[in-house]
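We did not get these values from a lab; they are worked out from the coordinates using the rules stated. In this text, all values refer to a predicted model and were calculated from it rather than measured experimentally. Cβ placement follows ideal geometry from the backbone for every residue including glycine, while neighbour counts extend to all protein chains displayed.
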Amino acid sequence: MSGQGMNLTLRVWRQANQNEKGEFRFYHLNNVSEHMSFLEMLDVLNEQLNKLGEEPVAFDHDCREGICGMCSLMINGQAHGPDNETTTCQLHMRRFRDGDTITIEPWRAKAFPIIRDLVVDRTSFDRVMAAGGFVSVNTGNAPDANCLPVPKPDQEKAMDAAACIGCGACVAACKNASAMLFTSAKVSQMAMLPQGKPERARRVLKMVAQMDEEGFGSCTNTSECEAACPAGISVDNIARLNREYLKAVVFSDEGV
Amino acid sequence: MFKVADAPLDGRVPDGPIAEKWDNRKNELKLVSPNNKRKYEIIVVGTGLAGASAAASLSEMGYKVKSFCFQDSPRRAHSIAAQGGINAAKNYPNDGDSVWRLFYDTVKGGDYRAREANVYRLASVSGSIIDQCVAQGVPFAREYGGLLSNRTFGGAQVSRTFYARGQTGQQLLLGAYSSLMRQVGEGGVTMMPRREMLDLIVDDGVARGIVCRNLKTGEFETHTAHAVVLATGGYGNVFYLSTNAKGCNVTAAWRCHRRGAYFANPCFTQIHPTCIPVSGDYQSKLTLMSESLRNDGRVWVPKSADDKRAPNEIPEADRDYYLERRYPAFGNMVPRDVASRAAKERCDAGFGVGESRQAVYLDFKHAIERDGEDVIRSKYGNLFHMYHKITAENPYQVPMRIYPAVHYTMGGLWVDYNLQSSVPGLFVLGEANFSDHGANRLGASALMQGLADGYFVLPYTVGDHIGKHGTKLKKLGDDHPAVQEALESASSRVKSILAVNGTRSPDSIHRQLGQIMWDKCGMARNAAGLQQAAKEIRELRDVFWNEVKVLGTGESFNQNLELAGRLADFLEFGELFAIDALHREESCGGHFREEHQTEDNEARRDDDKFCYAAAWEFQGVGEQPVLHKEPMEFNEVALSTRSYK
């Protein structure tokens, strides 16, 4: 481990609750090891704040290995920071330099209201899922797992889409705060699999309707979402959602 | 340090041959008619594999369900981080697998400390789990013919592990979560995220509800129901550093323990052999590298302790593939407890690698030469990526450095065959209970157990409780004394934490607790160390209640207050852990007592004295707990010394 760590200036969004006005506050943090994860760096900041009698910075996190999707953070204007396909919890301080000023903000979107500091409410995603992100199969109904073969390329594509961790970076990165990448990942996964076929029209219509109701914006095809996505979800899924949606509207009985 | 109850504890295992027990029990269970189910409410705490699958299934059956989790969404539960796979006795590879073999491997892997009948049921429903998950759209790995693919995991000589890249837990959880959200959408489940359960409401000896704190607003809430289902995971974070998510905690289970639920075998803790080693004192958690990697990676250290060469410069002749050397039959695929101890043995003997010397190599050189980098990438790409991110080393070129870390807890709240705790009406599922893995869990069996409990066991057995008692259980109002007492107890505890106003952060005290646990209750334990640990934990508990500093109020989103509350419970639980480890004068599975080992350092069990589950009854903080023994009887799998040589 290197002897002398980095000295950093942190510009952190502080907001007591949804109704109070927020502001940036500056903090200095010395001797930060390059081997620390970004969240461990915030742990050290919070330990320092606690000692000084200032309430620690609230931020969401849980698994700290890039899979639960609970961590977030806009770091210098980039969702989950500068690395590709990396969540904030997997970002390490070796990515920063001594003397840097780092700006840390919450996800900003109408459908993700701020709870405190860097913590936002993402239950809108759950409601989009509740609208149609499932196969309607009750426990005990299932036929043998091998009764329906699935071509390996389809399964691989379904898995690529299913890898979404539901963090919301796509929404935060989008100038319209659109949830199209999130929603399309689930629609695509199910559309690629025979198990998802019976409900595919109904699913896409309901999920898109719920997405609109939650206040997410429209897609502008700028692909910022894909660039920000820590799980490597491709915008091809959005194209597939659009095709699914069109087919559902034009050809299905579920059409609007 | 403890008292012993006179009567043995009865696991209420059904009669009949092992293969018929579950059917026999199902035939005896009371049913609740479809029209009546909607009159009954069930609380499910936790939304991991066990909790989400239970909540979804109960709602599909018609019960009114309330589902609680401390995270912002049920999809975050830590089941999501399970990587390698899920076992099932499908025998698709035609390699001789069967329900009996899965049962046998699990009982043996658990070092003969699990309840046979439970394990048999687990193995027998394992196939239905895969069916259910595939029907939900879980994209398991497939062969080119379109059928499901399998791989091998530790402790087995057949390929029975189904997987979805290195993200099997994620895909299974998202499957269960999608079923849960479907029920939320249809109105059968009320979802309550960002709630922490802080107490169990018990009226007339029966579990009737919970007290929780709304973490967003700080408000206390009481919820009553006809049954309470706890699926709140394990207690590995008592060690501070573990592979668990930061939020994992023992609070809900411990609060139930304080209300009368026995806690069984807390000392049975799994130390996983393949984790990324600790790198600094700021470290907040440890990251697992899936056991599946041992299918293709070979574990080694240099033959000479003085070998300072970079790993790729060390020729074959100077490498000690110690697992292959010591255990030729299973090689790198020995069970986790065996692999972890072997790594510790090499490091303690001075052969460890890396800066800290507390690591061994996991090397993919031969696999990459054999199969090509693309094949290895397709199997483990996300794990290699994760390793690279954390260590800044490329495992395609340099061997991984790994070391054991706390991973899974086999102990948990004691449950009978119906998964009901010693408090009627309180059911416990998944990692939170103690029942199926004995003293050591085999890889790819946690996902199996969580989903077996939630999809295929609890939905039947909870009906028996409701069928028998439902009509007698009158609705408890907010002003009921049992509700008021639990609410008062939970809220006054939070107030006392805030009132300490000392100088130490909860995190700093938690790290100290973790160090005590790792040093004295970790991979190797002895009587003197365990006694010392119990004493130090008691002292640290006093430090907590005199010196902890939690800023802010209880009426707001306050993460340090959450941490402090969980730590307060860990500080009570840790002492019981040490007492349990001290009382168990044998080595078995994840519990290794230095006094009880063979000449070649293998674990020495004592079946004459310790072939039982130790279920502890709470008597008060700092008071001597009462030990209830449930004898473990082995009628199908003969008790024998585990050998993987």
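Things worth noting here:
- Residue match in the range A:66-78 (condition: out of contact with any His (no Cβ under 9 Å at 6 or more places or on another chain), facing chain B (nearest Cβ under 7 Å), free of Cβ contacts under 8 Å to residues at least 12 places away in the same chain and surrounded by 22 or more Cβ atoms within 10 Å (Cβ to Cβ)): no
- Boolean, B:ASN560 is in contact (Cβ under 8 Å) with a residue 12 or more places away in the chain and within 14 Å of chain A (Cβ to nearest Cβ): yes
Okay, residues lined up against (1) of a type outside the set (Asp, Glu); (2) within 10 Å of another protein chain (Cβ to nearest Cβ); (3) in contact with a helix residue (DSSP H, G or I) (Cβ under 7 Å, 6 or more places away or on another chain); (4) in contact (Cβ under 8 Å) with a residue 40 or more places away in the chain:
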{"site": "B:VAL44", "(1), (2), (3), (4)": "yes, no, yes, yes"}
{"site": "B:LEU58", "(1), (2), (3), (4)": "yes, yes, yes, yes"}
{"site": "B:SER98", "(1), (2), (3), (4)": "yes, no, no, no"}
{"site": "B:PHE103", "(1), (2), (3), (4)": "yes, no, yes, yes"}
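- Number of the exception - B:HIS78 against (1) under 17 Å from the mean Cα position of the chain (by Cα); (2) more than 9 Å from chain A (Cβ to nearest Cβ): (2)
- Where helices (runs of 4 or more DSSP H) fall entirely within the range A:165-256, those with at least 2 residues that are under 18 Å from B:GLY185 (Cα atoms) are at A:180-192, A:200-213.
- Test: residue in the range B:177-198 that is of a type in the set (Phe, Trp, Tyr) and out of contact with any strand residue (DSSP E or B) (no Cβ under 7 Å at 6 or more places or on another chain): yes
- Within the range B:115-218, strands (runs of 3 or more DSSP E) holding 3 or more residues that are touching a Lys or Arg at 6+ places or on another chain (Cβ under 6 Å): B:195-203
- Within the range B:526-557, restricting attention to residues that are outside any helix (DSSP H, G or I) and touching a residue at least 60 places away in the same chain (Cβ under 8 Å), the residue that is nearest to B:ASP199 (Cα to Cα) is B:GLY554.
- Residue list for the range A:23-57, filter: in a helix (DSSP H, G or I), under 19 Å from the mean Cα position of the chain (by Cα) and at the interface with another protein chain (Cβ under 8 Å from one of its Cβ atoms): A:LEU39
- Criterion applied to A:ASP60, A:ASP117 was being of a type in the set (Asp, Glu), under 22 Å from A:GLN18 (Cβ atoms), buried (at least 23 other Cβ atoms within 10 Å of the Cβ) and more than 7 Å from every other protein chain (Cβ to nearest Cβ), and the one residue passing it is A:ASP117.
- The residue that is nearest to the other protein chains (Cβ to nearest Cβ), among those in the range B:105-133 that are on the phi < 0 side of the Ramachandran plot, touching a Leu at 6+ places or on another chain (Cβ under 7 Å) and among the hydroxyl-bearing types (Ser, Thr, Tyr), is B:SER126.
- Condition check for A:THR101: touching a residue at least 12 places away in the same chain (Cβ under 8 Å) and more than 9 Å from chain B (Cβ to nearest Cβ): yes
- Single residue of B:ASP479, B:ASP519, B:ASP507 found to be in contact (Cβ under 8 Å) with a residue 24 or more places away in the chain, more than 21 Å from B:GLY620 (Cα to Cα) and among the charged types (D, E, K, R): B:ASP507
- Given (1) of a type outside the set (Lys, Arg); (2) assigned to a helix (DSSP H, G or I); (3) without any contact (Cβ under 8 Å) to a residue 40 or more places away in the chain, number of the condition B:TYR387 does not satisfy: (3)
- Of all residues in the range A:133-153, those being crowded, with 22+ Cβ neighbours inside 10 Å and at positive phi number 0.
- Residue in the range B:442-458 that is at negative phi, of a type outside the set (Gly, Ala, Ser) and free of Cβ contacts under 8 Å to residues at least 60 places away in the same chain present: no
- Whichever residue in the range B:266-285 is part of a loop (DSSP other than H, G, I, E, B) and more than 9 Å from every other protein chain (Cβ to nearest Cβ) and, among such residues, is surrounded by the fewest Cβ atoms within 10 Å (Cβ to Cβ): B:ASP281
Conditions (1) more than 9 Å from chain A (Cβ to nearest Cβ); (2) basic (Lys, Arg); (3) more than 26 Å from A:MET207 (Cβ to Cβ), marked per residue:
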{"residue": "B:GLY166", "(1), (2), (3)": "yes, no, yes"}
{"residue": "B:LEU173", "(1), (2), (3)": "yes, no, no"}
{"residue": "B:SER179", "(1), (2), (3)": "no, no, no"}
{"residue": "B:VAL184", "(1), (2), (3)": "no, no, no"}
{"residue": "B:GLU196", "(1), (2), (3)": "yes, no, yes"}
{"residue": "B:VAL206", "(1), (2), (3)": "yes, no, yes"}
{"residue": "B:VAL211", "(1), (2), (3)": "yes, no, yes"}
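- Matching entry among B:SER491, B:SER496 (being in a helix (DSSP H, G or I) and surrounded by fewer than 15 Cβ atoms within 10 Å (Cβ to Cβ)): B:SER496
- Residue match in the range B:207-215 (condition: within 18 Å of A:ALA185 (Cβ to Cβ) and surrounded by 24 or more Cβ atoms within 10 Å (Cβ to Cβ)): no
- Restricting attention to the range A:130-148, the residues that are more than 29 Å from the chain's Cα centre (by Cα), within 7 Å of chain B (Cβ to nearest Cβ) and of a type in the set (Gly, Ala, Ser) total 2.
- Filter result for A:VAL249 (among the β-branched types (Val, Ile, Thr) and either more than 24 Å from A:ASP83 (Cβ to Cβ) or surrounded by fewer than 20 Cβ atoms within 10 Å (Cβ to Cβ) (or both)): yes
- Residue in the range B:139-162 that is farthest from the other protein chains (Cβ to nearest Cβ), counting only those that are within 16 Å of A:PRO149 (Cα to Cα) and either touching a Ser or Thr at 6+ places or on another chain (Cβ under 9 Å) or polar (S, T, N, Q) (or both): B:ASN150
- Once the range A:149-162 is narrowed to residues that are outside any loop (DSSP other than H, G, I, E, B) and aliphatic (A, V, I, L, M), the residue that is farthest from the other protein chains (Cβ to nearest Cβ) is A:ALA161.
- Subset of the range A:7-22 [touching an Asp or Glu at 6+ places or on another chain (Cβ under 7 Å) and either within 11 Å of another protein chain (Cβ to nearest Cβ) or in a helix (DSSP H, G or I) (or both)]: A:GLN15
- Among the residues here, B:GLU221 does not qualify as within 14 Å of another protein chain (Cβ to nearest Cβ) and outside any loop (DSSP other than H, G, I, E, B).
- Scanning the range B:185-212 for residues that are over 24 Å from the mean Cα position of the chain (by Cα) and charged (D, E, K, R) gives B:GLU186, B:ASP203, B:ASP204, B:ARG208.
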